[in-house]
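The values are calculated or read from the model by the stated rules, or taken from the named source; none is laboratory data. Worth saying up front: this structure is predicted, and the values here are computed from it rather than measured. Glycine gets a Cβ as well: all are built from the backbone with ideal geometry, and neighbour counts include every protein chain shown. When the accessible area is computed, the model is the full protein with side chains, heavy atoms only, and any ligands, DNA or RNA have been set aside. Shrake-Rupley method; radii C 1.70, N 1.55, O 1.52, S 1.80 Å.
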Amino acid sequence: MTTSKPNFLRRFCSKVWNLANARKEKMLAIINDDEQWSAYCIDKKLTPSMQKFVLLTYGIKKEPVEIVKTDITKSNHSTKESESNDFDSHLVTLWTGNTKSIEFTYESFHGEKLRRTINPTEVCFNDNDEFYIKGICLTRNAPRTFKACNITTKIKIGSKLYEFAEWCEDVLNVDLYSA
């Protein structure tokens, strides 16, 4: 009976490994086909910095795809998307780049608290001096923007914990209050 647990664990780990490799191969095929990569970036709305992060993750050097913005009023998109694009146009970027994944608890607009892990790509602020972190949310596997004041815990990187301003200063080398 004791040999069945190690066999199950080996089979399970092997299955997870095979699934991860299949996903990696699929992404590499997409990235290496310029047409597919362009369609993927447009579909996922990946900014150039997000594209660079994905390419770096897979060890590929290529220029980001330039995404042409379409006229929202002529498209079939909802008003919410139009408001989102308008929102982004009012943000000023303080930092852009790649850094280690961060983890925190975030309180949504509806008051729901969720644990989030993201790969940050930008730190921004608006006219009201409200700060935002943009990046790839690993929970949703999509680009997301998080308002810093809605982060209800310290930002965790590995075993280290940071306040938002401390993380910006110590990890990103950005002084939030000199901008």
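Below, the figures for the structure above:
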quantity: Checklist (1) in contact with a Ser or Thr (Cβ under 7 Å, 6 or more places away or on another chain); (2) outside any strand (DSSP E or B); (3) open to solvent by 90 Å² or more (accessible area, probe 1.4 Å) applied to T153, failing item; calculated: (3)
quantity: Filter result for D71 (surrounded by fewer than 14 Cβ atoms within 10 Å (Cβ to Cβ) and at pLDDT below 75); calculated: yes
quantity: Residue in the range 158-168 that is open to solvent by 20 Å² or more (accessible area, probe 1.4 Å), aliphatic (A, V, I, L, M) and in a strand (DSSP E or B) present; calculated: yes
quantity: Top-ranked residue in the range 86-107 [being in a helix (DSSP H, G or I) and surrounded by 12 or more Cβ atoms within 10 Å (Cβ to Cβ); ranked as modelled with the highest pLDDT]; calculated: D88
quantity: Meets criteria (over 26 Å from D43 (Cα atoms), open to solvent by less than 60 Å² (accessible area, probe 1.4 Å) and not small (G, A, S)) for Y132; calculated: no
quantity: Yes/no for E63 being of a type outside the set (K, R), open to solvent by 40 Å² or more (accessible area, probe 1.4 Å), at pLDDT 80 or above and in a loop (DSSP other than H, G, I, E, B); calculated: yes
quantity: Contacts under 8 angstrom Cβ, first residue in the range 38-59 being open to solvent by 80 Å² or more (accessible area, probe 1.4 Å), partner assigned to a loop (DSSP other than H, G, I, E, B), 6 or more apart; calculated: I42/V65; I42/I67; K45/I67; K52/P64; K52/N98; L56/N98
quantity: Of all residues making up the range 129-172, the number that are free of Cβ contacts under 8 Å to residues at least 12 places away in the same chain and out of contact with any helix residue (DSSP H, G or I) (no Cβ under 7 Å at 6 or more places or on another chain); calculated: 10
